[in-house]
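Single-structure report; data block below.
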């Protein structure tokens, strides 16, 4: 439980001019996730669980990508699911000591959807002080950028005619 006491929480808010159901589905699409991380060579690998399609409660996916010059794998599972308002994915195995990502959706009057991410993690370093230093100086900015890039792709696809290819 030390990891929970030393975790970092990041927040990201994106306004998308598309219906809530479309935003929700695109956010749980394996293919859209890969689009948002193409420069890291990210892909879903069929080691355990789903490697394509829309993820639902209990589904697992293993992601492979290159971060900080190292090829890494992370397996996560959808641990909460309330369509089309929220879902949560939790790391089962990977580089972090602990990671959990909540996705929240709210339809606003007039049509736009608020998509809010709450991303919690603890650095993988064995010594808590070094982990907190790594989180503050390196990982917080890096992970915030990944969230923004992912959300920009979701927004771009949701607001175009391309969304139908992914849901």
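Within this structure, residue 80 passes the test of being part of a strand (DSSP E or B), at pLDDT 95 or above and surrounded by fewer than 18 Cβ atoms within 10 Å (Cβ to Cβ). Taking the conditions (1) at pLDDT below 75; (2) assigned to a strand (DSSP E or B) in turn, residue 47 satisfies each one other than (2). Only one entry of 108, 147 meets the criterion of being more than 24 Å from residue 35 (Cα to Cα) and either at pLDDT 90 or above or within 18 Å of the chain's Cα centre (by Cα) (or both), and that entry is 108. Scanning the range 1-40 for residues that are under 13 Å from the mean Cα position of the chain (by Cα), surrounded by 14 or more Cβ atoms within 10 Å (Cβ to Cβ), at pLDDT 90 or above and not in a helix (DSSP H, G or I) yields 10, 12, 28, 29.
The values are calculated or read from the model by the stated rules, or taken from the named source; none is laboratory data. Just so we're clear, the structure is a prediction, and the values are computed from it rather than from any experiment. In this analysis, Cβ positions are derived from the backbone assuming ideal geometry, glycine residues included, and neighbour counts consider all displayed protein chains.
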